[in-house]
Amino acid sequence: KDKMNDFKIWFKFRIFIVLLLFFAAFMIVFIRAFQLQVVEREKLKTLASRQYLKEVTLIPKRGTIYDRNMKEFAVSTDAVSVYAIPSRIENPKEVIKIIAPIIAMDKRELRQKINKDKPFVWIKRKVAREEAARLKELKLEGIGVLTENKRFYPNLQLASHVVGFSGLDSNGLEGIELKFDDYLKGTTKRFVDERDAKGEAITLD
């Protein structure tokens, strides 16, 4: 009889311990869920948005500068630039070896850019079209080209101190280019581009 009572007590104790463990596990899950969904909700929402939403800036073609006879002093033409998405480059060493001679770029400088912990980096701006065409043919994962605007001055040095010049990002730096920069650069547009797990744009029909 005593053994039976001891067994019942031990059995109840074991049930109690199991229930206690289940309750503790439930509380841990509940607290963690509360922390993620309430306490850190905005923080996690922001991090998630950064992963699948990317803001893309579109720089409009810079306006043309004319003299009083309507002859062009400064015009914008299309140019091609090379960029990289470092996270999608599986073999940086091999990629550097391939593209460095194509775009005539120092391998050490190229390595520094590709190894940056950023979602997007410019490799080289305003490259020759022949170079861009060769890169397109290679179809290297993580390497791409974009069409930008390049400033061209038909009259070269004529009145260059008056006309001035603009930078790579279509911002006026000297002369008329700087004085009337707000009119010449136009309105920069931004849109949010949705990306998949690989960082590729998702096109919605």
Legend entry - Residues being open to solvent by 40 Å² or more (accessible area, probe 1.4 Å), in contact with a strand residue (DSSP E or B) (Cβ under 9 Å, 6 or more places away or on another chain) and at pLDDT 85 or above - total across the stretch 134-167: 1
Inset, instruction - Sort through I123, I99 and tell me the only one that's in a helix (DSSP H, G or I) and surrounded by 14 or more Cβ atoms within 10 Å (Cβ to Cβ). - result: I99
Legend entry - Every residue from the stretch 91-131 that is charged (D, E, K, R) and within 15 Å of the chain's Cα centre (by Cα): K113, K116, D117, K118
Inset, instruction - Out of the residues in the stretch 144-176 that are farther than 11 Å from S81 by Cα and among the aliphatic types (A, V, I, L, M), state the one that is nearest to the chain's Cα centre (by Cα). - result: L173
Legend entry - Candidate set from the stretch 49-85 (those that are open to solvent by less than 30 Å² (accessible area, probe 1.4 Å) and polar (S, T, N, Q)); member that is modelled with the highest pLDDT: S81
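The values are calculated or read from the model by the stated rules, or taken from the named source; none is laboratory data. Computed from a prediction, not measured in an experiment: that's the story for all the values here. Virtual Cβ from ideal backbone geometry, glycine too; neighbours counted across all protein chains shown. Accessible surface is based on the protein model in full, side chains and every heavy atom, while ligands, DNA and RNA are left aside. Shrake-Rupley method; radii C 1.70, N 1.55, O 1.52, S 1.80 Å.
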